[in-house]
Each structure stands twice: as structure tokens, then as C-alpha cells.
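Notes follow the structure.
Only the coordinates and a few stated rules stand behind these numbers; no lab work does. Please read these numbers as outputs of a predicted model, since none were measured by experiment. Cβ placement follows ideal geometry from the backbone for every residue including glycine, while neighbour counts extend to all protein chains displayed.
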2 protein chains.
Amino acid sequence: MKPLSRKNFIKGVALGTISLPFVIRSCGADNFAQQSSSPNVITNKKYQWKMVTTWPPNFPVLGEGCNLFAEWVKEMSGGRLEIKVYGGGELVPPLQAFDAVRSGAADIGSGAAYYWAGKAPASQFFASVPFGMNAQQLNAWIISGGGIELWKELYGQYNLVPMLGGNTGVQMGGWFNKEINSIADLKGLKMRIPGLGGKVLEKAGGSPVLLAGGEIYTGLERGIIDATEWIGPYHDHKMGFYQIAKYYYSPGWHETGTALEFFMNKERYEKLPKDLQAILQTAAMRLNIWMLSEFEAKNTIYLAKLINEEKVDIRFYPEEVLTQLREFTEQSISDITSADPFSKKVYESYDKFRKQAGDWSKLTEKAFYNNIQI
Amino acid sequence: MKPLSRKNFIKGVALGTISLPFVIRSCGADNFAQQSSSPNVITNKKYQWKMVTTWPPNFPVLGEGCNLFAEWVKEMSGGRLEIKVYGGGELVPPLQAFDAVRSGAADIGSGAAYYWAGKAPASQFFASVPFGMNAQQLNAWIISGGGIELWKELYGQYNLVPMLGGNTGVQMGGWFNKEINSIADLKGLKMRIPGLGGKVLEKAGGSPVLLAGGEIYTGLERGIIDATEWIGPYHDHKMGFYQIAKYYYSPGWHETGTALEFFMNKERYEKLPKDLQAILQTAAMRLNIWMLSEFEAKNTIYLAKLINEEKVDIRFYPEEVLTQLREFTEQSISDITSADPFSKKVYESYDKFRKQAGDWSKLTEKAFYNNIQI
């Protein structure tokens, strides 16, 4: 991983601000080469795919992960499937990735399913909802608990095939310049917090503000916002928030283990030979475990840096505040599921799994963190 | 997954009791077929590998995972790498898998690194040590924290290449017929608990007993042992322990997230074309996340069954007991690291990562389980 300076890093995170014209191009051009008659021979047909992403080019962990994915696919296919990775804004603006792949302007996309909540409200359950499952539980629900079947059903309606493509783990709860001692402290607070987390803040009397990554630092510096969430110590350290915010709050109640995703154009995917389909599926699973590991390893190092070198003051949301935010979250989810039958169906599966996994975690992971890990 | 009756399940878990003669056979026979002159064409050379495992054939999750791994590899390679999976005892006895692959009698093996602690004491840090890291942390250390490089260095001395091949998650703490209220209750206790966990029990005055999976039920029934650990609700339910033991203890302090592994004959692996090497590495990572998800999903369901249908009495080890077991563990690990310099080197890396990951978890995963998950 190449180190990035704060300046270059911020330049890179102008999510949503760089917008190139949306160009429809013919993609996936197949250079047919040679086919053997042996039953064991693999067809030599070559595929060139375009990946559009919602991340700035080479963005640490997330964008790097897309590059790695493309490398693994190329390596495993002996060069028969090459994927060119475009950063957000390079081919289409980040939040047009979904439509670009649906329409066939690109072949595969990388994002997080909650970005598409405006089109498909149920999508957010496959990424992250406030007070939702963590990485281990969400993976288990999607891989072994019926989640992937529902996700395929949902994305199928959009001519897409979804795959898990990483997880951030539990995120941090944000940077503040005042203490949060009661829910009243959120009243009138202008905070950069997107998605459903923002809706929950609104119910608590706060004002969610939408700012692209590259605008957060100056927004906080100039008082356009009072607080911001981002990801975790590794990315937050690069953003330099410790220079302009006093308190770093835990935990990230709004993002408890956000799943990243790949979505592929359904027809293009189905036209691939079986071996290349399996290569894509398997590379995505490898990325899933690589990304969570990379987040865990980098965040442990950068948390120590933030505390020891930058003397950051770590705070915890009081339990009372979390309890009330959880209630607002339940209301927000109920708003979604009562308006959209497919969201209701997905949430029922999600919630059933979460409850059982919660019971199990009390005997295992929770007991581990409380009584085994020092 | 085919349902197994208790009888057939137990028949299958006679780990270490089935021993076929150790047959040296020529393996990895290469059927050279056809090679194209095109630079993009993949060589059509076909490889047939033998996998020896430490699990009974088709053993739930663990053995099934090996079958899946072989399927994925075959699919991705278009049939150019076929792996025949042998259950423990089918080709060599389970605990001879390591030597069988070293010598080239088999090409790849599946096990858990602590099985080889007698040969290579440092190996246990790549599987599980009592009061060690959990799955998320251990994956992060091995994948992104320097662990895999040390593991390769260690196994390289045995002509092997290691890969992560799954994780059980935090296990359960075992089945007892009396309550464990203080460390004195472990005195004189005959418990089926292998490896370093057994050594720790010994320091507490108990007697670790080695019994193969198929012998545990009758051993407990007839009083040959007073208590046993096994895996978690899914496997334990199939073993029927709830019929003959009163209390089911949490947490599995002796196995806090056991990593499974593949080990490949180094020369055979290095002779493979790069695309097949990448296919093996990637399939193993897919298995890693599949297995943890499968354990999580199945254990959540079977815990509910044990509690609701079998009325199992769940108990927690008192904190005082865990504190003392942790001290005995530290002594046991110190015995290992002071006798073996490579173990010392590995443990220093492991322990440094664990401490930093522990600090990070207090703001994230621990806070999640205590304040987010209901």
C-alpha cells in the first residue's frame, strides 16, 4: 500500500464531486481466439470488462481492494478475464455506477448496497442499517442464512447479480467538538452523516448534512458542520480530523459492519463460461475476508497513533443516548418496511437471524470480549 | 447438507481410531494433453491431487468444506486441477496427514495447525491457543499482520506451504455434570480436552483425557470421563451430549476461534502454473469465510434447539475461574516459548497484534456486543 499525504488523500475523496460525462460504450468486447476440441480444454475466448466504482481511484482499502480483485481474476483466468477498474467519476459519477452496470455501459460495479436505497429500499439491509448486525453476523446471514437468495431476487429486478465484496467492520461514531452527554446534545447539531443514520439523527432533532469526502475537513473547520462521521482510525487519521475536532466517539451505532458489494450486469455474467463465473464469485469472497482483515490490522495501528501521538480524546456514547437512537432507528426501519413489501420480507429474514445470532453471541463473541480478551 | 443420525454421525467421528496402512503412492500424475501456441491460451496439462484430511469423511462443516474446496478448484480450473478428498483414515490415519503431504504421499492436507505441535511447537499459534484471539483478529493477524509470512517460514522447514482454510469461531466451554463455581471444582476432574487446553486443566489439578470423537459419548455415560468439550451447538447436538450431561458451559476459553488450514507439498505447489496456484489460494480464502458463516448460522439454530427442545442448562464459567485459567495459560505458553526460539518469535508477533486489536475492539466489537446488539 502506497502511503498518501493528507493533501493527496483528500484530493482523492471528492466522492460525488467529480463528474465526467456519462458515456455509453460497447463493453465486454470478446476477442475470440481459439477453441480446442479436447473436452478438458478451456475456451480461449477473452473477455475485457469495465468496473465502475463508487470510490476515488486507488482509495485505501476499498479502491485498493477492487484493484486486487481484478488482479486475482486475471491471474486465475490466465488473462482470459481482464477487468479495468475505474475510480468514481472516471467513467461515470460514483452514484451512477448502479445504472451504468444495469444498462451495460459497464460490466461490473463496486459499491455499498445502501447507496441504491432510493431505487430499491431493501438494498440497505445488505450493506448496513443503524444498530444492525456486525461483519461476522451479516456475512453469516448473507452466505448461510438465506440473505444472498433475497439479494439476488432484489437485484435481479434491476438486471444485476450481487456478490459480497468486503466489510469495514464496526465503524467509529464520529468527531465532535462538544461532549454528547444526553440526547438533547444532538438537538440542532449539524452533522455530516449520510443515509439512514442521518434520518435517525433528524428524529433526534439534529440536522444531517450531506458533504462529499473532500469537503468534510473544511466544512468542519469553517463551522458548516459541527460534527462528522467517516470510517475508522486509519481513514480518519489520513483525513486529519484530529486537528480540528476534540472528541472521537465510539461506537459507530450507524454503521456496525458495512458490507461492500459487487454487482454485475446479469446478461454479461450469465454469458460467461462457468469457470469464469466461479472465478468471480471466489475472488469476491477472498476480497471479503481480505478487506475486513486489512481494516482490522490498519485500524489497530492507527488507533494507537491517534491516541499516543495525536492525544485524541476518546469518548463513548452514553447508554441512554444509544437507547434513544435505537428507538428512532426502529421507527425509521418501520417507515421503510411499511412502505415497501420487499423491504418487509428482507427485514423479517434479517431480524430473525439477528436475534438468534445475538443469543449465540452472548455465549461466545460477547463473552470473549468481556471475559477472555484483556 | 445431508442430515446425519446420531448413530451415523458418531460412526463418522472416530478420529484416530481408523488406521489404514500408510501407503506410499505416486501422486499428482500429470496427463499432458495439449498446449496451444497462443500467448493467451492456458496450458491444458491436467493435475490430479490427493487431499488427506484429519476429519471423518464428509464431517459436517469441516469435511464438507474440504469437498466444497475441491469442487471450487475443479470448477475454476475447468477441470485442470482435480482434488480427491480422503477422510481421515481412508488413505492415512488423521494425524499422519502432515507427514503424508511432506513426503509427497499426498499433495495437500486439511487440518488444524495445533495438531502438529509435537513436531513444530509454534504451529499452535496459527490454530488456537487458550485465551487467544478470536476469528476476526486471528484472520487479521495472519492475512494482514505478518502471520502468514511466519507460518510459511515455519512450514517451509517441513517442505510444506500453509494456507488458512476456515475458522470455527468461539467454541463452547464443554459439558459437565456438576457446577463449576471455583477453580477447586476442576481438581480431580477427568475431562476430554486435548492440546494446550488439557495442559492448562492439568495445572488446575484436573486430568485431561484423550478420547477420539466416537468414544466421548460412551466415555461420559460410563464415567470414564466426568466432562467433555467438543465444538459448539451444531456438532454437540448431533453428538447427543445433552442426553447425558447436565450443564453446558460458556465460553470456550480453550478455543476462542480455531483456524483450520490447508498445507500443500511445497514442490508440487511450486510446480503448478501460476493460475492454478492463485486458484488454490483464492478457494482457500473463500472456504475461510464460508466456514465461519456456516458455523455461525448453524450454531444459532442449534443453540435454540438445545435450549427450547432439550432444555439444556447453560452456565458461564465464573470470572474468578477464568482469571486463574488465564494465569495457567500464560505459564503454559511461557513453557513453550522459553524452550523453542521460533515459538518465541511467533508469539511476540501474535501477542503484539492481539494487544493492539484488543484496544481497538473496546471501541468497536466489544461495544457492539455490549451496547448495540440487544
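Table for the structure above
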| read-out | value |
| --- | --- |
| Shortest-first nm distances, A:Gln48 label point to equivalent points in other copies (7 Å, Cα→Cβ) | 4.0 |
| Net charge of neighbours whose Cβ lies under 9 Å from the Cβ of B:Met51, counting Lys and Arg as +1 and Asp and Glu as -1 | +1 |
| Degrees between helix B:147-156 axis and first principal axis of chain B (Cα, 0 to 90, nearest 10) | 70 |
| Neighbour-count order for A:Val209, B:Val85, fewest beta carbons within 10 angstrom listed first | A:Val209, B:Val85 |
| For A:Ser250, net neighbour charge (Lys/Arg +1, Asp/Glu -1) across residues whose Cβ lies under 13 Å away | -4 |
| Potential extension, B:Thr218-B:Lys305 segment - 0.36 nm per residue separation minus Cα distance | 29.1 nm |
| Sequence-distant residues sharing a close amide H with B:Val209 (under 5 Å, placed H) | B:Met191, B:Arg192, B:Ile193 |
| Amide H contacts under 5 Å for B:Trp55, placed H, 5+ residues apart | B:Gly88 |
| Cα-based equivalent ellipsoid, chain A: semi-axes from gyration tensor eigenvalues, Å | 36, 23, 20 |
| Taking A:Ser343, A:Ser77 and counting other C-beta atoms within 10 Å, the order from fewest to most | A:Ser343, A:Ser77 |
| Cα-based shape type of the stretch A:214-354, given that a ≥ b ≥ c are square roots of the gyration tensor eigenvalues and the cut on a/c is 1.5 | oblate |
| Distances in nm from A:Ile224 to the matching label points in the other copies, shortest first (labels 7 Å along Cα to Cβ) | 7.3 |
| Average other protein chain Cβ within 10 Å of Cβ, residues A:77-86 | 3 |
| Cα coordinate range in the stretch A:74-180, projected on the principal axes (Å, largest first) | 53, 35, 31 |
| Averaged over A:191-201, number of beta-carbon atoms from partner chains that fall within 10 Å | 0 |
| Overall dimensions of the protein assembly as shown by Cα: Rg and Dmax, Å | 26.0, 77 |
| CD proxy at 222 nm, helix term only [per DSSP H run n ≥ 4: -39500 (n - 2.57); per residue of chain B; nearest 500] | -13000 deg cm²/dmol |
| Inter-part distance where the stretch A:127-142 and the stretch B:306-330 are each reduced to a Cα centre, Å | 27 |
| Listed pairs B:Lys152/B:Lys271; A:Lys298/B:Lys362; A:Lys266/B:Lys84 exceeding 27 Å between Cα atoms | A:Lys266/B:Lys84 |
| Loop trypsin sites (Lys or Arg not before Pro), the stretch A:105-181, which have at most 12 other Cβ atoms in a 10 Å radius of their Cβ (DSSP) | A:Lys119, A:Lys178 |
| Rounded tilt (10° steps) of B:274-308 against the dominant C-alpha axis of chain B | 30 |
| In the stretch B:278-323, trypsin sites (Lys or Arg not before Pro) in a DSSP loop with at most 13 other beta-carbon atoms within 10 Å | B:Lys311 |
| Exposure proxy ranking, count of Cβ atoms within 10 Å, fewest first, for B:Phe368, A:Phe316, B:Phe98 | A:Phe316, B:Phe98, B:Phe368 |
| Label spacing, shortest first and in nm, from A:Lys119 to its equivalents in the remaining copies (7 angstrom along Cα→Cβ) | 5.3 |
| Karplus (6.51, -1.76, 1.60) ³J(HN,Hα), θ = phi - 60°, over the stretch B:351-361, in Hz, Gly and Pro reported as x | 5, 5, 5, 4, 5, 5, 5, x, 4, 5, 5 |
| Phi to ³J(HN,Hα) by Karplus 6.51 cos²θ - 1.76 cosθ + 1.60 over the stretch B:343-350, Hz, x for Gly, Pro | 4, 4, 4, 5, 5, 4, 5, 4 |
